[in-house]
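Asks: Please find one structure pasted underneath; my questions will follow.
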Amino acid sequence: MRRFHAILLLTILQASHVAAQQPARARTLGIVPGALEPGPLNAITDVSGVRVGQTTVRIGDSVHTGVTAILPHGGNLFLDRVPAAMYVGNGFGKLLGVTQVAELGEIETPILLTCTLCVWKAADALVAWMLEQPGMADIRSINPVVGETNDAYLNAIRSRPITERDVRGALAAARSGPVAEGSVGAGAGTVALGWKGGIGTSSRRVEAGDSTWTVGILVQSNFGGDLLMLGVPVGRELGRHGVRRAGEQGQKGSIMIVVATDAPISDRNLRRLASRAIVGLGRTGSSLGNGSGDYVIAFSANPAVRRRYEAPRLTTTELGNDEMTELFQGVAEATEEAIYNSLLTATTVTAKGGTVEAIPVQEVVRILKEHDMLKR
(Lines give C-alpha, C1' and ligand atoms only; values in the text may rest on other atoms or scores of the structure.)
Protein backbone atom coordinates (compact mmCIF):
# COMPACT_ATOMS: atom_id res chain seq x y z
CA MET A 1 0.00 0.00 0.00
CA ARG A 2 1.08 3.47 -0.71
CA ARG A 3 1.69 5.66 2.32
CA PHE A 4 0.67 9.30 2.05
CA HIS A 5 2.28 11.78 4.42
CA ALA A 6 0.72 15.24 4.35
CA ILE A 7 2.86 17.68 6.29
CA LEU A 8 0.58 20.58 6.93
CA LEU A 9 1.26 24.20 7.71
CA LEU A 10 4.04 24.47 5.18
CA THR A 11 4.41 27.46 2.86
CA ILE A 12 2.23 27.18 -0.28
CA LEU A 13 0.59 23.87 0.69
CA GLN A 14 -0.41 25.30 4.03
CA ALA A 15 -1.84 28.48 2.56
CA SER A 16 -3.85 26.78 -0.19
CA HIS A 17 -5.27 24.13 2.13
CA VAL A 18 -6.36 26.62 4.75
CA ALA A 19 -7.80 29.00 2.18
CA ALA A 20 -9.90 26.20 0.70
CA GLN A 21 -11.44 25.49 4.11
CA GLN A 22 -11.89 29.04 5.36
CA PRO A 23 -15.41 29.64 3.92
CA ALA A 24 -16.81 26.85 6.11
CA ARG A 25 -15.47 28.24 9.37
CA ALA A 26 -18.24 29.14 11.78
CA ARG A 27 -17.64 32.89 11.89
CA THR A 28 -17.52 33.15 8.10
CA LEU A 29 -20.98 31.59 8.00
CA GLY A 30 -22.35 34.00 10.57
CA ILE A 31 -22.16 31.51 13.46
CA VAL A 32 -20.64 33.68 16.18
CA PRO A 33 -20.62 32.33 19.74
CA GLY A 34 -20.36 34.81 22.59
CA ALA A 35 -19.54 38.50 22.74
CA LEU A 36 -15.76 38.77 22.75
CA GLU A 37 -13.74 39.43 19.60
CA PRO A 38 -11.26 36.87 18.24
CA GLY A 39 -7.62 37.50 17.43
CA PRO A 40 -6.59 38.24 13.82
CA LEU A 41 -6.40 34.55 12.84
CA ASN A 42 -9.10 33.31 15.21
CA ALA A 43 -6.68 30.51 16.09
CA ILE A 44 -4.49 29.26 18.93
CA THR A 45 -1.53 30.78 17.08
CA ASP A 46 -2.88 34.24 17.88
CA VAL A 47 -1.10 33.66 21.20
CA SER A 48 2.38 35.03 20.58
CA GLY A 49 5.02 32.32 20.22
CA VAL A 50 2.63 29.38 19.89
CA ARG A 51 3.23 27.16 16.87
CA VAL A 52 1.27 24.23 15.43
CA GLY A 53 2.43 21.48 13.07
CA GLN A 54 0.53 18.51 11.71
CA THR A 55 1.11 15.27 9.86
CA THR A 56 -1.82 13.47 8.24
CA VAL A 57 -1.38 9.75 7.60
CA ARG A 58 -3.60 7.91 5.10
CA ILE A 59 -2.92 4.38 3.89
CA GLY A 60 -5.38 2.95 1.38
CA ASP A 61 -8.92 2.65 2.75
CA SER A 62 -7.87 1.53 6.21
CA VAL A 63 -5.73 4.21 7.87
CA HIS A 64 -6.93 7.75 8.56
CA THR A 65 -5.02 9.29 11.44
CA GLY A 66 -2.12 11.61 12.22
CA VAL A 67 -0.22 13.79 14.65
CA THR A 68 -0.87 17.36 15.77
CA ALA A 69 1.94 19.13 17.65
CA ILE A 70 1.50 22.28 19.75
CA LEU A 71 4.65 24.16 20.78
CA PRO A 72 4.26 26.93 23.40
CA HIS A 73 7.37 28.77 22.17
CA GLY A 74 10.24 28.39 19.73
CA GLY A 75 12.95 27.51 22.24
CA ASN A 76 13.87 24.38 24.17
CA LEU A 77 10.86 23.66 26.37
CA PHE A 78 12.82 21.41 28.71
CA LEU A 79 15.28 24.17 29.56
CA ASP A 80 12.74 27.02 29.38
CA ARG A 81 9.50 25.59 30.72
CA VAL A 82 6.01 27.09 30.74
CA PRO A 83 3.54 26.91 33.61
CA ALA A 84 0.72 24.51 32.81
CA ALA A 85 -2.24 22.69 34.30
CA MET A 86 -4.73 20.02 33.35
CA TYR A 87 -8.42 19.57 33.98
CA VAL A 88 -10.23 16.27 33.57
CA GLY A 89 -13.92 16.35 32.67
CA ASN A 90 -14.11 12.56 32.38
CA GLY A 91 -11.00 10.44 32.68
CA PHE A 92 -11.59 7.61 30.19
CA GLY A 93 -8.41 8.27 28.23
CA LYS A 94 -4.70 7.65 27.82
CA LEU A 95 -3.10 11.00 28.49
CA LEU A 96 0.65 10.67 29.13
CA GLY A 97 2.49 13.03 31.43
CA VAL A 98 -0.53 14.06 33.50
CA THR A 99 0.79 13.28 37.00
CA GLN A 100 4.04 15.21 36.65
CA VAL A 101 2.25 18.19 35.14
CA ALA A 102 -0.18 18.14 38.08
CA GLU A 103 2.68 17.84 40.57
CA LEU A 104 5.04 20.48 39.17
CA GLY A 105 2.62 22.75 37.33
CA GLU A 106 4.71 22.94 34.16
CA ILE A 107 5.33 21.21 30.85
CA GLU A 108 8.76 20.43 29.46
CA THR A 109 7.96 19.11 25.97
CA PRO A 110 5.68 20.04 23.09
CA ILE A 111 2.13 18.70 23.36
CA LEU A 112 1.30 15.93 20.88
CA LEU A 113 -2.16 14.70 19.91
CA THR A 114 -2.67 11.40 18.07
CA CYS A 115 -4.78 8.21 18.07
CA THR A 116 -5.29 6.04 21.14
CA LEU A 117 -3.01 3.08 20.39
CA CYS A 118 -0.31 5.36 18.98
CA VAL A 119 0.25 7.36 22.17
CA TRP A 120 3.28 5.39 23.33
CA LYS A 121 4.95 5.35 19.91
CA ALA A 122 4.44 9.10 19.64
CA ALA A 123 5.87 9.62 23.12
CA ASP A 124 8.95 7.56 22.34
CA ALA A 125 9.58 9.57 19.16
CA LEU A 126 9.07 12.83 21.06
CA VAL A 127 11.60 11.81 23.72
CA ALA A 128 14.14 10.89 21.04
CA TRP A 129 13.61 14.27 19.36
CA MET A 130 13.97 16.13 22.67
CA LEU A 131 17.22 14.34 23.57
CA GLU A 132 18.76 15.57 20.32
CA GLN A 133 18.12 19.24 21.08
CA PRO A 134 21.01 21.54 22.06
CA GLY A 135 21.80 21.54 25.76
CA MET A 136 20.27 18.11 26.41
CA ALA A 137 23.43 15.97 26.52
CA ASP A 138 23.21 15.29 30.27
CA ILE A 139 19.42 14.92 30.58
CA ARG A 140 18.20 11.56 31.92
CA SER A 141 14.49 12.20 32.50
CA ILE A 142 11.82 13.66 30.21
CA ASN A 143 8.06 13.85 30.72
CA PRO A 144 6.42 13.76 27.26
CA VAL A 145 2.85 15.10 27.11
CA VAL A 146 0.78 13.12 24.60
CA GLY A 147 -3.01 13.10 24.33
CA GLU A 148 -5.34 11.03 22.19
CA THR A 149 -8.81 10.22 20.97
CA ASN A 150 -9.97 6.88 19.59
CA ASP A 151 -10.42 7.05 15.82
CA ALA A 152 -10.89 3.28 15.35
CA TYR A 153 -14.08 3.54 13.27
CA LEU A 154 -12.20 5.16 10.38
CA ASN A 155 -8.67 4.05 11.26
CA ALA A 156 -7.03 0.62 11.46
CA ILE A 157 -5.92 1.54 14.94
CA ARG A 158 -4.57 -1.92 15.85
CA SER A 159 -1.87 -1.47 13.23
CA ARG A 160 -0.57 1.45 15.31
CA PRO A 161 0.30 3.30 12.11
CA ILE A 162 2.02 6.39 13.55
CA THR A 163 5.79 6.31 13.05
CA GLU A 164 8.72 8.35 14.32
CA ARG A 165 8.80 10.03 10.92
CA ASP A 166 5.24 11.25 11.41
CA VAL A 167 6.03 12.76 14.80
CA ARG A 168 9.18 14.44 13.57
CA GLY A 169 7.28 15.72 10.55
CA ALA A 170 4.67 17.41 12.73
CA LEU A 171 7.34 18.96 14.95
CA ALA A 172 9.33 20.18 11.95
CA ALA A 173 6.18 21.65 10.38
CA ALA A 174 5.27 23.69 13.46
CA ARG A 175 4.65 27.31 12.50
CA SER A 176 2.76 30.36 13.67
CA GLY A 177 0.02 31.56 11.35
CA PRO A 178 -3.19 29.89 10.10
CA VAL A 179 -3.97 26.40 11.40
CA ALA A 180 -5.45 23.77 9.09
CA GLU A 181 -8.70 22.36 10.47
CA GLY A 182 -11.08 19.47 9.92
CA SER A 183 -9.95 16.04 8.72
CA VAL A 184 -6.25 16.68 9.21
CA GLY A 185 -3.50 15.69 11.62
CA ALA A 186 -4.80 13.99 14.75
CA GLY A 187 -8.32 14.72 13.52
CA ALA A 188 -8.04 12.79 10.25
CA GLY A 189 -10.16 9.87 11.48
CA THR A 190 -12.25 11.33 14.28
CA VAL A 191 -16.05 11.45 14.59
CA ALA A 192 -17.97 14.06 16.60
CA LEU A 193 -21.67 14.26 17.42
CA GLY A 194 -22.50 11.85 14.60
CA TRP A 195 -20.57 13.64 11.86
CA LYS A 196 -16.94 13.86 10.81
CA GLY A 197 -14.98 15.66 13.51
CA GLY A 198 -11.39 16.79 13.54
CA ILE A 199 -9.09 19.64 14.43
CA GLY A 200 -10.63 23.01 15.24
CA THR A 201 -9.27 26.25 16.64
CA SER A 202 -10.41 29.68 17.80
CA SER A 203 -9.26 32.60 19.96
CA ARG A 204 -10.51 35.56 21.97
CA ARG A 205 -9.02 38.92 22.97
CA VAL A 206 -9.82 39.88 26.55
CA GLU A 207 -9.26 42.83 28.86
CA ALA A 208 -7.72 41.88 32.20
CA GLY A 209 -5.72 44.02 34.58
CA ASP A 210 -4.16 46.88 32.67
CA SER A 211 -3.70 45.05 29.36
CA THR A 212 -5.35 43.10 26.56
CA TRP A 213 -4.57 39.38 26.43
CA THR A 214 -5.30 36.51 24.08
CA VAL A 215 -6.63 33.05 24.83
CA GLY A 216 -6.44 30.43 22.10
CA ILE A 217 -8.02 26.99 21.80
CA LEU A 218 -7.23 23.93 19.71
CA VAL A 219 -9.48 20.85 19.86
CA GLN A 220 -9.31 17.29 18.59
CA SER A 221 -13.05 16.53 18.50
CA ASN A 222 -14.16 12.89 18.66
CA PHE A 223 -17.05 12.89 21.11
CA GLY A 224 -20.75 12.09 21.26
CA GLY A 225 -23.82 13.99 22.35
CA ASP A 226 -26.81 15.92 21.06
CA LEU A 227 -25.45 18.65 18.78
CA LEU A 228 -26.32 22.20 19.75
CA MET A 229 -25.18 25.32 17.90
CA LEU A 230 -25.83 28.66 19.56
CA GLY A 231 -28.37 26.85 21.73
CA VAL A 232 -30.31 25.50 18.74
CA PRO A 233 -30.84 21.68 18.62
CA VAL A 234 -29.22 21.39 15.19
CA GLY A 235 -28.59 17.66 15.56
CA ARG A 236 -32.25 16.91 16.13
CA GLU A 237 -33.37 19.15 13.27
CA LEU A 238 -30.96 17.27 11.01
CA GLY A 239 -32.49 13.97 12.14
CA ARG A 240 -29.70 12.86 14.44
CA HIS A 241 -30.87 12.77 18.00
CA GLY A 242 -27.58 12.43 19.78
CA VAL A 243 -27.63 10.21 22.87
CA ARG A 244 -31.20 9.18 22.09
CA ARG A 245 -30.09 6.90 19.26
CA ALA A 246 -28.32 4.07 20.99
CA GLY A 247 -25.52 2.48 19.03
CA GLU A 248 -25.17 5.23 16.42
CA GLN A 249 -21.58 5.79 15.42
CA GLY A 250 -20.19 8.85 17.11
CA GLN A 251 -22.01 8.60 20.42
CA LYS A 252 -18.87 7.46 22.19
CA GLY A 253 -15.51 9.13 22.03
CA SER A 254 -13.36 11.81 23.49
CA ILE A 255 -12.02 15.31 23.08
CA MET A 256 -8.64 16.88 23.71
CA ILE A 257 -8.69 20.63 24.34
CA VAL A 258 -5.49 22.70 24.43
CA VAL A 259 -5.75 26.18 25.97
CA ALA A 260 -2.98 28.72 25.37
CA THR A 261 -2.73 32.26 26.68
CA ASP A 262 -0.24 35.09 26.76
CA ALA A 263 -1.67 36.29 30.06
CA PRO A 264 0.91 35.94 32.85
CA ILE A 265 -0.68 33.37 35.15
CA SER A 266 0.64 30.44 37.15
CA ASP A 267 -0.46 26.81 37.14
CA ARG A 268 -3.06 27.43 39.87
CA ASN A 269 -5.05 29.90 37.78
CA LEU A 270 -4.29 27.90 34.62
CA ARG A 271 -6.18 25.00 36.15
CA ARG A 272 -9.11 27.30 36.79
CA LEU A 273 -8.83 28.51 33.20
CA ALA A 274 -8.75 24.94 31.87
CA SER A 275 -11.93 24.03 33.73
CA ARG A 276 -13.87 26.72 31.85
CA ALA A 277 -13.23 24.94 28.56
CA ILE A 278 -15.73 22.35 29.77
CA VAL A 279 -18.36 25.11 29.75
CA GLY A 280 -17.77 25.60 26.04
CA LEU A 281 -17.81 21.84 25.43
CA GLY A 282 -21.17 21.55 27.18
CA ARG A 283 -22.65 24.27 24.98
CA THR A 284 -22.12 22.04 21.93
CA GLY A 285 -24.21 19.19 23.35
CA SER A 286 -21.71 16.94 25.10
CA SER A 287 -22.70 15.32 28.37
CA LEU A 288 -19.22 13.85 29.00
CA GLY A 289 -20.39 10.25 28.73
CA ASN A 290 -18.93 7.28 30.57
CA GLY A 291 -16.69 6.25 27.69
CA SER A 292 -15.44 9.73 26.91
CA GLY A 293 -12.00 11.07 27.72
CA ASP A 294 -12.49 14.81 28.11
CA TYR A 295 -9.15 16.46 28.86
CA VAL A 296 -7.98 20.06 28.91
CA ILE A 297 -4.33 21.17 28.95
CA ALA A 298 -3.71 24.88 29.60
CA PHE A 299 -0.44 26.79 29.52
CA SER A 300 0.83 30.36 29.58
CA ALA A 301 3.29 31.36 26.87
CA ASN A 302 4.13 34.67 28.54
CA PRO A 303 7.93 34.92 28.97
CA ALA A 304 7.50 36.55 32.38
CA VAL A 305 6.21 33.34 33.94
CA ARG A 306 8.56 30.82 32.32
CA ARG A 307 10.61 28.59 34.56
CA ARG A 308 14.25 28.05 33.78
CA TYR A 309 15.39 24.46 34.34
CA GLU A 310 16.96 24.03 37.79
CA ALA A 311 16.64 27.73 38.61
CA PRO A 312 16.97 28.02 42.41
CA ARG A 313 14.36 30.81 42.61
CA LEU A 314 11.44 31.90 40.46
CA THR A 315 10.39 35.52 40.31
CA THR A 316 7.21 36.25 38.38
CA THR A 317 4.50 38.86 38.09
CA GLU A 318 1.11 37.37 37.44
CA LEU A 319 -2.51 38.44 37.19
CA GLY A 320 -4.54 38.35 40.37
CA ASN A 321 -7.61 36.21 40.92
CA ASP A 322 -9.99 39.11 40.35
CA GLU A 323 -8.65 39.56 36.81
CA MET A 324 -9.55 36.03 35.67
CA THR A 325 -13.24 36.40 34.83
CA GLU A 326 -12.75 37.81 31.32
CA LEU A 327 -10.23 35.06 30.58
CA PHE A 328 -12.74 32.45 31.75
CA GLN A 329 -15.33 33.88 29.36
CA GLY A 330 -12.84 33.89 26.50
CA VAL A 331 -11.96 30.23 27.00
CA ALA A 332 -15.62 29.15 27.10
CA GLU A 333 -16.47 31.08 23.93
CA ALA A 334 -13.37 30.01 21.99
CA THR A 335 -13.83 26.35 22.93
CA GLU A 336 -17.40 26.39 21.63
CA GLU A 337 -16.30 28.00 18.36
CA ALA A 338 -13.29 25.71 17.93
CA ILE A 339 -15.59 22.68 18.13
CA TYR A 340 -17.93 24.20 15.55
CA ASN A 341 -14.93 24.81 13.29
CA SER A 342 -13.77 21.21 13.68
CA LEU A 343 -17.15 20.03 12.37
CA LEU A 344 -17.78 22.64 9.69
CA THR A 345 -14.36 22.27 8.05
CA ALA A 346 -14.26 18.47 8.12
CA THR A 347 -14.72 16.37 4.98
CA THR A 348 -16.54 13.08 4.45
CA VAL A 349 -14.23 10.11 5.03
CA THR A 350 -14.75 6.52 3.89
CA ALA A 351 -12.83 3.57 5.31
CA LYS A 352 -13.28 -0.18 5.66
CA GLY A 353 -15.43 0.41 8.73
CA GLY A 354 -17.84 2.64 6.82
CA THR A 355 -18.41 6.25 5.83
CA VAL A 356 -18.70 9.21 8.16
CA GLU A 357 -20.30 12.18 6.49
CA ALA A 358 -19.29 15.78 6.84
CA ILE A 359 -21.99 17.85 8.47
CA PRO A 360 -24.25 19.46 5.81
CA VAL A 361 -23.06 23.04 6.17
CA GLN A 362 -25.80 24.69 4.14
CA GLU A 363 -28.48 22.84 6.11
CA VAL A 364 -26.88 24.06 9.32
CA VAL A 365 -26.96 27.62 8.00
CA ARG A 366 -30.61 27.23 7.00
CA ILE A 367 -31.60 25.97 10.45
CA LEU A 368 -29.77 28.71 12.31
CA LYS A 369 -31.20 31.33 9.96
CA GLU A 370 -34.71 30.08 10.68
CA HIS A 371 -33.99 30.55 14.37
CA ASP A 372 -32.59 34.04 13.67
CA MET A 373 -29.23 33.04 15.18
CA LEU A 374 -26.87 34.08 12.36
CA LYS A 375 -24.91 37.28 12.76
CA ARG A 376 -25.57 39.60 9.84
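The values are calculated or read from the model by the stated rules, or taken from the named source; none is laboratory data. Since the structure is predicted, the reported quantities are computational estimates derived from the model, not experimental observations. Heads up: the accessible areas ignore ligands, DNA and RNA and are worked out on the full protein's heavy atoms, side chains in. Shrake-Rupley method; radii C 1.70, N 1.55, O 1.52, S 1.80 Å.
Asks: Quick one: plug the Kirkwood hydrodynamic radius of region 66-150 (C-alpha pairs) into Stokes-Einstein at 37 °C, 0.692 mPa s, and report D in µm²/s.
Replies: Estimated diffusion coefficient is 247 µm²/s.
Asks: Looking at the chain, how many pairs of lysines come closer than 23 Å at the Cα, when each pair is eight or more places apart or spans two chains?
Replies: 7
Asks: What are the equivalent ellipsoid semi-axes of the chain, built from the alpha-carbon gyration tensor (square roots of five times its eigenvalues), in whole angstrom, biggest first?
Replies: 30, 25, 18
Asks: So how much slack lies between residue 211 and residue 322, counting 0.36 nm per residue of separation and subtracting their Cα-Cα distance, in nm?
Replies: 38.6 nm
Asks: To the nearest 500 deg cm²/dmol, what mean residue ellipticity at 222 nm is calculated for the chain from DSSP H runs of n ≥ 4 alone, each contributing -39,500 (n - 2.57), summed and divided by the residues?
Replies: On the way: 8 runs with 92 residues, N = 376.
Only helices count here, giving -7500 deg cm²/dmol.
Asks: Please work out the average accessible area per residue across the chain, using the 1.4 Å probe convention, and give it in Å².
Replies: Details: 14660 Å² over 376 residues.
Result: 39 Å² per residue.
Asks: Further question: Once the convex hull of the alpha carbons of region 132-212 is built, what does its volume come to per residue, in cubic angstrom?
Replies: 200
Asks: May I pose another question? May I ask you to give the average projected area over all directions of the convex hull of the Cα atoms of region 220-356, in nm² rounded to one decimal?
Replies: Numbers: hull surface 43.7 nm².
The orientation-averaged projected area of the Cα hull of region 220-356 comes to 10.9 nm².
Asks: A further question on this structure: Per the 1.4 Å probe, what fraction of the accessible area of region 155-275, in percent, lies on carbon and sulfur atoms?
Replies: Carbon with sulfur: 46 percent of the solvent-accessible area.
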